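**Student:** Dropping the structure in here first, questions after.
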Amino acid sequence: MIYLDNAATTKTAPEAVEAMMPYLTDYYGNAGGIYRLGSESKKAIIRAKETIAETLGAEPNEIYFTSGGTESDNWAIKAAYESYCGRGKHIITSKIEHHAVLHTCKYLEQRGAEVTYLDVDGDGLIDLERLERAIRPDTILISIMYANNEIGTIQPVREIGEIAAAHGILFHTDAVQVYGQLPVDVRKCHIDMLSASGHKFGGPKGIGFLYIGKEVKLRAFMHGGQQERGRRAGTENVAGIAGMEAAVKRAYRVMEEKAKRETALREYLIEKLMREIPDTKLNGHPVKRLPGNVNVSFASVEGEAVLIMLDMEGICASSGSACTSGALDPSHVLRAIGLAPELARGSVRLTIGEDNTREEIDAAAEALVRIVRKIRATAV
Ligand SMILES: *Cc1c(COP(=O)(O)O)cnc(C)c1O
């Protein structure tokens, strides 16, 4: 099998699994307990917050564990609206956000919010001047993703943060595709809230975090006990937290080399596909791009058909985003970059991870050449 869907989820790193084991077996105590067994859990949670905070340039008490990226996005946006709507009801986001952000904004529109969905250019970048023009006196939140999960484009997050800060507006970024892959600094980028998810960088599924800057007055997401400083109640997922912490440590240890390696494989694959398959278009920015992201459109081909044939050869990839496949509409991201519908339908995303080898990339490229040729030959 050749796994090229690392933007959807990654293999759990062995050290993450190992780090989880004690909390699934011997250390099952409630972190809120007074007894010593509980303190092992509590220590693991504190340690994980310290580890994560250090990577971000944040403080441990600014890290809140959640069930993943979706929950973090929901919390940040819904709670920012409810906590700050007395000041204004306007939110700015982009048309290429993950559905965890877009559907949350749609929901808030039904509850009185006004939302501006910024356009992006053909490479998927937002326009900073347009962002600035979209700001109104009643704007309370800007939520722009750090990098896009489908096309890999990385936004000018620092500049966005500076604009938000200059206007006194909260800035949330969905960094699920970036955290653990590339360095992130919340202070330098003026980020008030940041979403991340463990399973996108070698951690287990069902665990993530929301960074909430200490000056942000965000209401609680889950109401109940006093966990997470009363803002996210519920007995902590200690094993998940320990597993994610191990994945964070690992990700930061290998980050530089891994990014370099994946970028080289990415360029190799893009170049090969563009050269060997006529009428192929690269989607997303050519260089402001996630290391492992390849998203290409083949004219006169259905992406879904390509995926099925790739799967028959043991190759895992996706078309558009994994969350939208199943629904046959061209993805909202590909539409937003202005891709013609027939090209959008022929798009395939291959996302390279740490374990992929040059041989695997060669095999995937050769399979794609064969498959696209075959589909085109059988079409009228
Ligand atoms: C995967 C992903 C999410 C959702 O994260 P989960 O942990 O699966 O809920 C949100 N945003 C982006 C950009 C993603 O890639």
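**Student:** List the number of the failed condition for Val306; all other conditions in (1) open to solvent by 20 Å² or more (accessible area, probe 1.4 Å); (2) more than 27 Å from Tyr179 (Cα to Cα) hold.
**Tutor:** Every condition holds for Val306 apart from (1).
**Student:** Search the range 60-103 for residues being over 14 Å from Ser195 (Cβ atoms) and of a type in the set (S, T, N, Q), and hand back the single one that is nearest to the ligand (Cβ to nearest atom).
**Tutor:** Residue satisfying both the conditions and the ranking: Ser94.
**Student:** So which of Gln181, Gln177 is near the ligand (Cβ under 8 Å from one of its atoms) and out of contact with any His (no Cβ under 6 Å at 6 or more places or on another chain)?
**Tutor:** On inspection, the qualifying residue turns out to be Gln177.
**Student:** Go through the range 287-299 residue by residue and tally those that are closer than 18 Å to Leu343 by Cα and open to solvent by 10 Å² or more (accessible area, probe 1.4 Å).
**Tutor:** So the answer is 1.
**Student:** Run down Lys49, Lys106 and say which single residue is within 16 Å of the ligand (Cβ to nearest atom), assigned by TED's automatic domain parsing to the domain that holds Lys214 and not polar (S, T, N, Q).
**Tutor:** On inspection, the qualifying residue turns out to be Lys106.
**Student:** I've got another one for you. Report yes if Gly33 is assigned to a helix (DSSP H, G or I), more than 17 Å from Ala175 (Cα to Cα) and either of a type in the set (Gly, Ala, Ser) or within 16 Å of the ligand (Cβ to nearest atom) (or both), otherwise no.
**Tutor:** no
**Student:** Hey, which of the strands (runs of 3 or more DSSP E) in the range 85-202, taking only ones fully inside, have at least 3 residues that are among the hydroxyl-bearing types (Ser, Thr, Tyr) and open to solvent by 40 Å² or more (accessible area, probe 1.4 Å)?
**Tutor:** none
**Student:** Out of all the residues in the range 340-380, which are more than 19 Å from Arg289 (Cβ to Cβ) and not in a helix (DSSP H, G or I)?
**Tutor:** Scanning the range 340-380 gives Ala340, Gly346, Asp355, Thr357, Ala379, Val380.
The values are calculated or read from the model by the stated rules, or taken from the named source; none is laboratory data. These numbers were taken from a predicted model, which means no experiment stands behind them. As a convention, Cβ positions derive from the backbone with ideal geometry for all residues, glycine included, and neighbour counts pool all protein chains shown. These accessible areas exclude ligands, DNA and RNA; they are computed on the full protein's heavy atoms, side chains included. Shrake-Rupley method; radii C 1.70, N 1.55, O 1.52, S 1.80 Å.
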